[in-house]
Amino acid sequence: MMLINIFIIILSFFFMEFMAWLSHKYIMHGFLWVLHKDHHIRDGRKIENNDWFAIFFSIPGILLVIFGTLPEINSLFFIGIGISLYGVAYFLFHDIYVHQRIKLFSKFSNKYLRATLKAHHEHHLPNSRKNYGFLIAPFKYYREEFSKAGV
């Protein structure tokens, strides 16, 4: 049973990358652009309207963890844990590593991080309509980074 629960957590975590891509492209760059656009205009503010998405997107994970413990722990709990772990990974990668909203991890780098960082920076170019993922970039960025000799 424990292996099944771990599998549910891992599956939920990776499913969230798909959900993040979908919501980033069609919600954040769609009808809720009014909240997301200040994220694309980097002016040094610590708090952005875009931060509302962290609250919105944390609600399903929190609710699943709560409902997954009533009256006993069930699979909803482990789905909520996977979603919440994705949120933590997103925060650490996107807000801290990529945008340096908290000055940590600035010298931490490897080929995966450099490729994903490049894709995200290209997403922020004016009028860019690509690279909506957060933790997984299009494979061309990894091919480029991993094909570099001695880097």
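The values are calculated or read from the model by the stated rules, or taken from the named source; none is laboratory data. Please read these numbers as outputs of a predicted model, since none were measured by experiment. Glycine also receives a Cβ, built like all others from the backbone with ideal geometry; neighbour counts cover every protein chain displayed.
Computed quantities for the displayed model
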{"read-out": "Some residue of the stretch 84-95 being assigned to a loop (DSSP other than H, G, I, E, B) and without any contact (Cβ under 8 Å) to a residue 24 or more places away in the chain", "value": "no"}
{"read-out": "Given (1) closer than 21 Å to residue 46 by Cα; (2) in a helix (DSSP H, G or I); (3) in contact (Cβ under 8 Å) with a residue 12 or more places away in the chain, number of the condition residue 105 does not satisfy", "value": "(2)"}
{"read-out": "Members of the stretch 11-62 found to be farther than 17 Å from residue 94 by Cα and not in a helix (DSSP H, G or I), listed by number", "value": "32"}
{"read-out": "In the stretch 108-139, the residues that are outside any loop (DSSP other than H, G, I, E, B) and loosely packed, with under 12 Cβ neighbours inside 10 Å", "value": "139"}
{"read-out": "Filter result for residue 141 (within 19 Å of residue 18 (Cβ to Cβ), in contact with a helix residue (DSSP H, G or I) (Cβ under 9 Å, 6 or more places away or on another chain) and free of Cβ contacts under 8 Å to residues at least 60 places away in the same chain)", "value": "yes"}
{"read-out": "Of the criteria (1) more than 22 Å from residue 141 (Cα to Cα); (2) of a type outside the set (Val, Ile, Thr); (3) surrounded by fewer than 16 Cβ atoms within 10 Å (Cβ to Cβ), which one residue 18 fails", "value": "(1)"}
{"read-out": "Residue check, residue 40 over 26 Å from residue 3 (Cα atoms), touching a residue at least 40 places away in the same chain (Cβ under 8 Å) and more than 15 Å from the chain's Cα centre (by Cα)", "value": "yes"}
{"read-out": "Test: residue in the stretch 35-48 that is at pLDDT 95 or above, surrounded by 16 or more Cβ atoms within 10 Å (Cβ to Cβ) and under 19 Å from residue 83 (Cβ atoms)", "value": "no"}
{"read-out": "Number of positions in the stretch 63-83 that are part of a helix (DSSP H, G or I) and surrounded by fewer than 16 Cβ atoms within 10 Å (Cβ to Cβ)", "value": "4"}
{"read-out": "Filter result for residue 8 (among the hydrophobic types (A, V, I, L, M, F, W, C) and assigned to a helix (DSSP H, G or I))", "value": "yes"}
